[in-house]
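Heads up, the thing below is written out as structure tokens.
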Amino acid sequence: MPIFGWSTVGGDLRAAHFVGLHALQVLPFLGWLVTRRRGVLALLLANDRLALVCTSGLGYLGLVVLLTWQALRGQPVISPDASTITAAGALAAGVATSIFIIVARVWSRNRTTRVLASAIQILSHQEDV
């Protein structure tokens with residue numbers, strides 16, 4: 001690959017190394033981002049934020065392991081075989097499922113809060129009339 005200098009003919013461990021080292025920047029940034037408590041993130045409790053960061057960390061670890069496994073089998077990053085694509089799909093599905101479960105838990109917990117907030121808002125507007 002021209003920009004990174006990675007091999008396009010055989011496996012190259014530099015791709016896994018590159019992704020792994022960038023986890024040192026991405027994961028703390030994600031942790032900081034979910035603690036901002038603005039907008040939708042305000043609905044997240046500390047356990048929810050921790051679960052999201054841990055899920056992202058495990059997904060990132062899975063990606064590094066996948067790239068290492070691909071390189072050790074002699075495959076370039078730009079042309080994975082069927083087993084690599086299947087493993088990447090399973091990794092993506094696992095991470096997406098975990099995030100879906102976290103979001104569903106937050107949504108179900110805050111559903112009653114939203115109903116109460118809407119009722120209070122409706123009652124407060126009726127007093128103004």
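The values are calculated or read from the model by the stated rules, or taken from the named source; none is laboratory data. Being a predicted model, the structure only gives us computed values, none of them experimental. All Cβ positions, even for glycine, are placed from backbone atoms using ideal geometry, and neighbour counts span all protein chains on display. To get the accessible areas, we keep the full protein, side chains included, count just its heavy atoms, and leave off ligands, DNA and RNA. Shrake-Rupley method; radii C 1.70, N 1.55, O 1.52, S 1.80 Å.
Residue pairs whose Cβ atoms lie under 8 Å apart, separated by 6 or more positions or on different chains, with the first residue in region 85-101 and without any contact (Cβ under 8 Å) to a residue 40 or more places away in the chain and aliphatic (A, V, I, L, M) and the second open to solvent by less than 40 Å² (accessible area, probe 1.4 Å) and part of a helix (DSSP H, G or I), are ALA87/LEU66; ALA88/LEU66; LEU91/GLY59; LEU91/GLY62; LEU91/LEU66. In region 63-75, the residues that are in a loop (DSSP other than H, G, I, E, B) form Cβ pairs under 7 Å with partners that are of a type in the set (D, E, K, R), at six or more places apart or across chains, as follows: GLN75/ASP81.
Kindly evaluate LEU61 against the criterion of being under 30 Å from GLY10 (Cα atoms) and touching a Phe, Trp or Tyr at 6+ places or on another chain (Cβ under 8 Å).
Values: under 30 Å from GLY10 (Cα atoms): yes; touching a Phe, Trp or Tyr at 6+ places or on another chain (Cβ under 8 Å): no.
No.
One line per residue, one yes/no per condition, for (1) modelled with pLDDT of 85 or more; (2) loosely packed, with under 10 Cβ neighbours inside 10 Å; (3) touching a strand residue (DSSP E or B) at 6+ places or on another chain (Cβ under 8 Å):
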{"site": "GLY11", "(1), (2), (3)": "no, no, no"}
{"site": "VAL34", "(1), (2), (3)": "yes, no, no"}
{"site": "ALA42", "(1), (2), (3)": "no, yes, no"}
{"site": "ASP48", "(1), (2), (3)": "yes, no, no"}
{"site": "LEU66", "(1), (2), (3)": "yes, no, no"}
{"site": "ALA88", "(1), (2), (3)": "yes, no, no"}
{"site": "ILE99", "(1), (2), (3)": "yes, no, no"}
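Going through region 15-32 one residue at a time, which ones are open to solvent by less than 40 Å² (accessible area, probe 1.4 Å) and either free of Cβ contacts under 8 Å to residues at least 60 places away in the same chain or among the β-branched types (Val, Ile, Thr) (or both)?
Initial filter on region 15-32 (open to solvent by less than 40 Å² (accessible area, probe 1.4 Å)): 15-16, 19-20, 23, 31.
Listed by number, the residues that qualify are ALA16, VAL19, GLY20, ALA23, GLY31.
Would you call ALA82 within 26 Å of the chain's Cα centre (by Cα), modelled with pLDDT of 90 or more and surrounded by 11 or more Cβ atoms within 10 Å (Cβ to Cβ)? If you could, list the steps in order and put the result at the bottom.
Details: within 26 Å of the chain's Cα centre (by Cα): yes; modelled with pLDDT of 90 or more: yes; surrounded by 11 or more Cβ atoms within 10 Å (Cβ to Cβ): no.
Answer is no for this residue.
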